[in-house]
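In what follows, a single structure is set out as structure tokens and then discussed.
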Amino acid sequence: MINHLPILQVIVPLMAAPVAALVRKRGVAWFITVLATWASLAIAVLLLLDVRDGGTIRYALGGWAAPWGIEYRVDTVSAYVLVIVAGIGAIVTPYALLSVRREIGVKQAPLFYSALLLCLCGLLGITITGDVFNLFVFLEISSISAYALIAMGPDRRALHAAYKYLIMGSIGATFIVIGIGMMYMMTGTLNMADLARLLPSVGGRTVTVAFAFLAVGISLKLALFPLHQWLPDAYAYAPSTVTAFLASTATKVAFYVLLRVVFSVFGVVFAFETMSLHWALLPLAIVAVLFASLTAVYQGNVKRLLAYSSVAQIGYMILGVSLATVTGLTAGLLHLFNHAVIKGALFLAMGAVMYRVGSVRIEAMQGLAKRMPWTMAAFVAGGFSLIGVPLTVGFVSKWYLVLGAIENDMWLVAFFVLVGSLLAVAYIWKVAEAAYFKDYIGDLDVREAPLGLLVPMWALVVANFYFGVDANLTVGVARQAAELLLGVGP
Amino acid sequence: MSDQIILRVATKIIVPTILLFALYVQFHGDFGPGGGFQAGVIAAAAFVLYALVFGLRRTHRVLPTWVVRTCASAGVLLYGGVGLATMIGGAEFLNYNVLAHDPEHGQHYGILLVELGVMITVFGVMVTIFYFFAARGREDL
């Protein structure tokens with residue numbers, strides 16, 4: 001079975017999804033989901049260990065060798081993202097039991113878990129495949145299930161948010177498939193490795209346009225400023241579990257797609273020298289950091305505040321890519337992992353507030369630290385990490401980002417990263433001030449969140465500090481992945 | 001529309017024909033245009049026509065919601081099941097060669113089963129979507 005790991009990574013959640021949809025009891029559906037997500041995590045970890053020892057793993061679907069058949073291809077970059085996605089899935093699903101019981105109807109709950117598994121399957125599929133059209137199919141699987149998941153939010157505005165995401169997401173997917181079609185037209189192949197081999201020799205305007213379509217389409221999925229309009233509402237009104245899951249995985253996988261297309265398919269020379277991609281990405285990334293952080297400061301809904309902060313964090317990741325150096329790319333990839341654990345912890349804390357208080361507005365959080373000390377402590381700890389206080393993961397990624405900028409003599413960029421961090425202090429402080437320094441005015445029966453919510457939340461908080469103190473593992477993998485993408489590594 | 005005798009009789013003649021045609025498109029998909037997706041949609045169209053003429057209540061009696069929902073899941077399971085069977089047979093996922101002694105027969109069975117899975121799921125999902133839209137704002141269903 002060991003050589004079937006790449007396909008099992010996708011098939012386990014895919015097969016668990018219809019089973020979860022068939023059962024009537026939501027507890028059973030939940031149990032199936034937990035089993036499937038933990039199995040996925042185990043597979044992802046095994047794949048990462050395999051790849052770090054033995055190099056790229058290839059798996060030909062249906063026995064049809066690439067480039068004719070669909071090939072699954074696992075290297076350090078994809079294994080790293082697989083572990084992040086599966087890991088967040090495995091932490092979020094145990095949390096879902098109580099949160100879903102509060103926010104989703106009894107009849108809808110099995111379908112909710114089914115959609116969650118399909119979304120996970122899609123995200124893992126995007127990451128593992130070595131075929132651009134297969135990537136598009138998985139992108140649709142994950143997006144469509146994400147729309148359904150967001151629409152299940154307890155607030156009626158969730159429907160509108162999901163609809164907006166549906167429209168924007170579909171435009172993004174259309175752009176991506178047009179780009180893929182043009183590449184196919186010019187080369188006659190859909191396999192990424194084969195495309196990388198053939199594209200430099202064909203060249204021409206079609207390839208340029210294909211690159212532009214792909215870059216814009218992926219940026220939409222990635223919520224890169226100014227294509228981020230769908231994100232704040234979608235995150236703010238989705239069920240708590242879904243927000244935590246999507247915020248830590250969906251945009252990360254889109255970021256991975258960008259890296260794959262730019263570095264593995266088109267190549268550094270074409271993307272950065274012929275197309276000057278960094279001059280498009282760098283200003284947008286900086287504006288994303290400043291504008292989104294500034295907008296976050298003025299939000300009254302904390303989930304929305306965190307959503308704008310996510311747009312800013314995507315800016316940091318893109319900033320790393322636009323440097324196109326090993327250090328810059330390492331910083332981007334590091335922030336992929338680090339932001340997943342930061343935002344996961346923060347959104348899970350907000351989910352616990354939603355569970356007890358029923359609102360995530362700042363006014364509802366006044367004095368809440370006295371009632372829910374552990375939850376608010378988790379929020380502040382996650383907030384420290386978001387700001388980039390030393391000993392947290394946020395510090396590690398910003399350190400590498402500033403280092404990368406200084407290596408390129410971009411002092412102004414380094415300065416903007418620090419300004420972004422200061423703005424993060426402002427919006428995190430807003431919540432912390434309300435929770436710790438105001439008097440409690442809410443209901444008297446609000447208590448600390450149950451353990452079922454606290455344990456996953458604190459698992460992520462501990463990860464924030466653990467990987468902040470001992471960054472060898474994450475930095476090592478991220479650097480290896482960056483060197484692989486730039487083609488300079490061993 | 002169930003008071004219209006011409007529509008009623010015509011529907012009763014057309015519905016089985018549509019279903020038969022769906023099966024033709026399904027199983028002839030190896031040799032000509034067609035396959036699971038098209039067949040699933042055509043089969044669903046038969047029930048949509050029946051519901052338009054005889055009403056949703058009677059259609060629910062013929063094809064209850066739980067059957068449709070089971071179909072939607074069962075097709076995916078059949079598809080994945082074929083893949084798992086080929087893996088147990090010692091080949092790659094969906095490598096049909098191992099499904100029979102003769103690899104050529106194996107390929108044939110494999111694609112038939114996978115397409116059948118596709119048809120069942122597409123049929124289930126199509127009818128589910130129709131049921132949801134048709135039952136909107138009607139508490140009695």
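Partner shielding of A:55-66 amounts to 3, given as the average count of beta-carbon atoms from other chains within 10 Å of each residue beta-carbon. Judged by the gyration tensor of its Cα atoms, with axes a ≥ b ≥ c, the stretch A:327-414 is prolate; a/c meets the 1.5 cut and a/b is the larger of a/b and b/c. Ranked by the mean number of other Cβ atoms within 10 Å of their residues, highest first, the peptides B:105-115, A:329-339 fall in the order A:329-339, B:105-115. In whole angstrom, note down how far apart the Cα centers of the stretch A:205-276 and the stretch B:15-62 are. After rounding, the separation between the Cα centres reads 40 Å. Taking amide H positions as modeled 1.01 Å from N, with prolines and chain starts lacking one, the residues under 5 Å from A:Arg361 and 5 or more places away or on another chain are A:Val302. Residue by residue along B:73-84, Cβ atoms of other protein chains within 10 Å of the local Cβ number 4 on average. The 3J(HN,Hα) values that the Karplus relation (6.51, -1.76, 1.60; θ = phi - 60°) gives for the stretch B:62-77 are, in residue order, 6, 9, x, 4, 5, 5, 4, 5, 5, 4, 4, 7, 4, x, 5, 5 Hz. Gly and Pro appear as x.
Database remark: amide H of A:Phe225 closer than 5 angstrom to no amide H (H placed geometrically; neighbours at sequence offset of 5 or more, or on other chains; Pro and chain starts carry no H). Computed over every Cα-Cα pair of the stretch B:5-134 and binned at 5 Å starting from 0, the pair-distance distribution P(r) comes out as 2, 11, 17, 18, 17, 13, 9, 6, 4, 2, 1, 0 percent.
Straight-line cross-link partners of A:Lys107 among the lysines, defined as a Cα under 18 Å from its Cα and at least 8 positions apart when in the same chain: A:Lys25. Label-to-label distance, B:Ile129 versus B:Arg8, with points set 7 angstrom from Cα along the beta-carbon direction: 3.2 nm.
Only lysines eight or more places from A:Lys221 in sequence, or on another chain, were considered; those with a Cα closer than 17 Å are A:Lys164, A:Lys252.
Based on the mean of other beta carbon atoms within 10 Å per residue, what is the order of A:442-454, A:374-386, most packed first?
A:374-386, A:442-454
Take every Cα pair under 8 Å whose residues are at least 6 apart in sequence, average their separation, divide by the length of the stretch A:276-490, and the relative contact order is 28 percent.
With contacts taken as Cα pairs under 8 Å and at least 6 residues apart, chain A reaches a relative contact order of 14 percent.
Rounded, prolate or oblate, given the Cα gyration tensor of the stretch A:252-300, with a/c below 1.5 counting as rounded?
Working: a/c = 6.69, a/b = 2.04, b/c = 3.28.
Cα axes put the stretch A:252-300 in the oblate bin.
Mean separation of Cα pairs under 8 Å and 6 or more residues apart, divided by the residue count, gives the stretch B:5-134 a relative contact order of 30 percent. Centre-to-centre separation between the Cα atoms of the stretch A:291-318 and those of the stretch A:419-490: 15 Å. Our coupling estimate for the stretch B:29-43, obtained by passing each phi through the Karplus curve with A = 6.51, B = -1.76, C = 1.60 and θ = phi - 60°, is x, 5, 9, x, x, x, x, x, 5, 4, 4, x, 5, 5, 4 Hz, Gly and Pro reported as x. Calculated mean residue ellipticity at 222 nm for chain A: -26000 deg cm²/dmol, from DSSP H runs with n ≥ 4 weighted as -39500 (n - 2.57), summed, divided by the residue count and rounded to 500. What shape does the stretch A:219-305 take by its C-alpha gyration tensor, where a ≥ b ≥ c are the square roots of the eigenvalues and a/c under 1.5 counts as rounded, a/b above b/c as prolate, and the rest as oblate? Oblate, because a/c is 1.5 or more while a/b does not exceed b/c. Working from label points 7 Å from Cα in the Cα-to-Cβ sense, the A:Trp64 to B:Leu23 distance is 2.9 nm. You can think of it this way: the chain between A:Ser170 and A:Ala212 has 13.4 nm of extra reach, that is 0.36 nm per residue less the Cα-Cα gap.
Using only atoms on other chains, find how many Cβ atoms lie within 10 Å of each Cβ of peptide A:302-313 and report the average. Could you put the intermediate results ahead of the total?
Values: counts 0, 0, 0, 0, 0, 0, 0, 0, 0, 0, 0, 0.
Taking all residues of A:302-313 together, the mean is 0.
Dividing the convex hull volume of the alpha-carbon atoms in the protein assembly as shown by its residue count gives 159 Å³ per residue.
Residue exposure proxy: A:Ile57, A:Ile7, A:Ile91, ordered by other Cβ atoms within 10 angstrom of their Cβ from fewest to most, comes out as A:Ile57, A:Ile7, A:Ile91.
Values in this text are rule-based calculations from the coordinates and carry no lab data. If you're wondering where the values come from, they're calculated on a predicted model, not measured in any experiment. Backbone-built Cβ (ideal geometry, glycine too); neighbour counts: all protein chains shown.
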